[in-house]
Each structure stands twice: as structure tokens, then as C-alpha cells.
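The values are calculated or read from the model by the stated rules, or taken from the named source; none is laboratory data. This is a predicted model, so every value here is computed, not measured. Cβ sites come from the backbone with ideal geometry, for glycine too, and all protein chains shown count toward neighbours.
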Amino acid sequence: MAGAASLAPLLALTGHCFAGEVGPNTWDTHCFTSVFNGQHVRDAHQVAREGRTVYQGESLYSVEAGKVVFTYWSSIGGIGHGTATLSPGVWHFSLAMRGAPDAAPTPLAIRWQWQDAKSYVVSGGPAAVTFRRVR
């Protein structure tokens, strides 16, 4: 379909992991895999403090009705649903996130600004974090 969203930018990340320091001795690592021959992309991440995992989450990206959509779920029961606009150099993610199953949804807007093929800066949270390819 002409003009439809594509997972191609995310598919380019499959087989790779990116890590960013999110606090003192605390690293967030995202690893991307292709699902069902590229029909979807999984982003599994884990936050480790001093080498011990303290939090995990996964996003599954798909194309639906011409848009890139995703669902995020976490190890503490949180869940979010949103859309992504993937353009060269900058990716925008918009979602409603429940931090815990009984929490009210909170709107979030997150931006990934690509520095080069091996690093990007995530903003929209408490502080901007640079993620670099580690595998």
C-alpha cells in the first residue's frame, strides 16, 4: 500500500542490542528481534543495577491500518499502547502507559534522535540518555 507505515527502520535493528546508562551503575539494554519473518519487531529490555536485573519490559511493534503501533508490558505489571512515527534521523513514540495494573494511564511522548548507525539519544523522560550498540 503506497504511503503505508513500514517497520523497515526497526527491522534494521534486529540482531543488535543497545545500552545506555540511566543512573549510577544502572544500565538499560534493549535487544531487537524480528518476529514472524519481519511482520513484527520485538524490543526486549532489561535494567540492571550493579549487574543485577531490577526491571524488564518488552515492546512488540506492528503495522496496523497504515500506522506503526506497539504494546509495551513490564515485569511489574505495567502496560502501554501507542504509535510510532519512524522517519530518518528521528523517531517519535506516543503512548498511554499504566505503570502498574491498577494505575491510571499516563500519556508519554518519547523521542529517539539517531546520532549515527550505532547510537541514539532518548529524550522525553527525566533525562536524555545515549544508547550505544553493544552487540
Hits in region 47-98 - residues which are aliphatic (A, V, I, L, M) and more than 23 Å from Leu11 (Cβ to Cβ): Val47, Ala48, Val54, Ile76, Ile79, Ala96, Met97
Selection within region 95-127 - farther than 20 Å from Gln46 by Cβ, polar (S, T, N, Q) and either in contact with a Phe, Trp or Tyr (Cβ under 9 Å, 6 or more places away or on another chain) or surrounded by 14 or more Cβ atoms within 10 Å (Cβ to Cβ) (or both): Gln113, Ser123
Residue that is modelled with the lowest pLDDT [pool: residues in region 3-24 that are in a loop (DSSP other than H, G, I, E, B) and among the small types (Gly, Ala, Ser)]: Gly3
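Looking only at residues that are of a type in the set (D, E, K, R) and part of a strand (DSSP E or B) in region 37-61, which one is nearest to the chain's Cα centre (by Cα)?
Asp43
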Per-region count, region 1-54, residues closer than 19 Å to Gly125 by Cβ and either in contact with a Phe, Trp or Tyr (Cβ under 6 Å, 6 or more places away or on another chain) or among the charged types (D, E, K, R) (or both): 10
Answer from Thr83, Thr130 - the residue that is among the hydroxyl-bearing types (Ser, Thr, Tyr), under 12 Å from the mean Cα position of the chain (by Cα), surrounded by 14 or more Cβ atoms within 10 Å (Cβ to Cβ) and modelled with pLDDT of 95 or more: Thr83
Unique match (being touching an Asp or Glu at 6+ places or on another chain (Cβ under 7 Å), among the aliphatic types (A, V, I, L, M) and on the phi < 0 side of the Ramachandran plot) among Val90, Val47, Val69, Val35: Val47
Residues of region 36-80 satisfying the condition of being of a type in the set (Lys, Arg) and surrounded by 14 or more Cβ atoms within 10 Å (Cβ to Cβ): Arg42, Arg49
Selection count, region 46-82, where residues are in contact with a strand residue (DSSP E or B) (Cβ under 7 Å, 6 or more places away or on another chain), basic (Lys, Arg) and without any contact (Cβ under 8 Å) to a residue 40 or more places away in the chain: 1
Test: residue in region 54-65 that is modelled with pLDDT of 95 or more, within 24 Å of Pro24 (Cα to Cα) and touching an Asp or Glu at 6+ places or on another chain (Cβ under 6 Å): no
Output for region 73-110, where each listed residue is of a type in the set (A, V, I, L, M, F, W, C), in a strand (DSSP E or B) and in contact with a Gly (Cβ under 8 Å, 6 or more places away or on another chain): Trp73, Phe93, Leu95, Ala96, Met97, Leu108, Ala109, Ile110
